[in-house]
């Protein structure tokens, strides 16, 4: 029997498994390889940090989902792909051959800007480890004088800064300080000026010190562009994404940043039996932001094309929409929204985001 391996339990693969639980593949051995039985939903992590959700409300039981779809699950991490040999190697030492491979492992946090920093760093990825380490750190923080610094001025950095500001324990008489070091591109560089203005205003309202400079890491200090120095108790790294290093030796066609190049069918440009979706891949024909929105919308196409690959039938193309709805939670059940040229904010926007996020997780 031929084997299809789903590598990773990202948004796309979760939705593929959900679809196949109602209509399983025929005459194909399906295997899901993922390091954890649980998959955390990134869109709800700021809300969890702010205290609006429990851990269970923010994660999907990937193991049960895989079993419902008729898949075998392997709880391990992939450390090597040999695309020419149709084989992956796992952290535990096992090798797994495949006839078709679909990759949905996301990306890892790019810590290059913090190289040389010897203080305490909490990276936002992987999300499960972030959740565990944050919980431990938060429990120890009550009543202490604190200075926490988030590094990274993108959407995730802004959302997490506002969530932490909302939840950050101050204790009786304890001094707290929360800073967001955005980098030289400033706050939310990929968004329109109106969104940046709304986010900056909300950050300031929540007591976040917004520093639109680059921080040079050395020892336990971050030296800013203007020469000032920060010596935080904790650095939370939200410094953007980078591809997993093992992709470089996979033999797969990659873009200049090391992400898997795919066509409109989510199919590798170099190896037709390999597919990819989510943050791990890039489209050659058009630039797409690394957003869970695209991963969700690509899922039905990926499911159809993986089935088509096993049945030698025709593929369908994924056509991204011209505009994407972005909803940024702001800590206190307030949110900022963006859709094309439109910008809006309010508690109603948070309720919209809450409905969408809960609907996604509860749908499994």
Burial ranking of peptide ranges 112-121, 82-91 (average Cβ count within 10 Å, highest at the top): 82-91, 112-121
Exposure proxy order (Cβ contacts within 10 Å, fewest to most) of 1, 7, 162: 1, 7, 162
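How much FRET efficiency would the formula 1/(1 + (r/R0)^6) give for residue 82 and residue 176, where r is the Cβ-Cβ distance and R0 is 45 Å, rounded to 0.05?
Step by step, r from the Cβ atoms, then E = 0.35.
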Mean Cα-pair separation over length for the chain, i.e. relative contact order, pairs under 8 Å, 6 or more apart, %: 19
Mean Cβ count within 10 Å, highest first, over the residues of peptides 314-326, 176-188: 176-188, 314-326
Sequence-separation-based contact order of segment 50-95, relative, with Cα cut under 8 Å and 6+ spacing, percent: 22
Stretchable slack from residue 256 to residue 201, in nm (0.36 nm times residue separation minus alpha-carbon distance): 16.2 nm
Reciprocal of mean inverse Cα separation for the chain (Kirkwood radius, Å): 21.5
Exposure proxy order (Cβ contacts within 10 Å, fewest to most) of 212, 94: 94, 212
Net lengthening on full extension, residue 269/residue 358 (0.36 nm per residue, minus Cα-Cα): 28.5 nm
Sequence of 12, 102, 54 once ranked by neighbouring C-beta atoms within 10 Å, starting from the fewest: 54, 102, 12
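In Å³ and rounded to a whole number, note down the convex hull volume per residue for the Cα atoms of segment 252-364. Walk me through the numbers before you get to the answer.
Details: hull volume 13.9 nm³, N = 113.
Convex hull volume per residue, Cα atoms: 123 Å³.
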Antiparallel bridge percentage (DSSP; both residues within segment 110-240; nearest 5): 25
Degrees separating the helix 347-362 axis from the principal Cα axis of the chain, which is the longest one: 30
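Read-outs: derived from the displayed coordinates by stated rules, not from any lab. Since the model is a prediction, treat every value here as computed from it, not as a measurement. Glycine also receives a Cβ, built like all others from the backbone with ideal geometry; neighbour counts cover every protein chain displayed.
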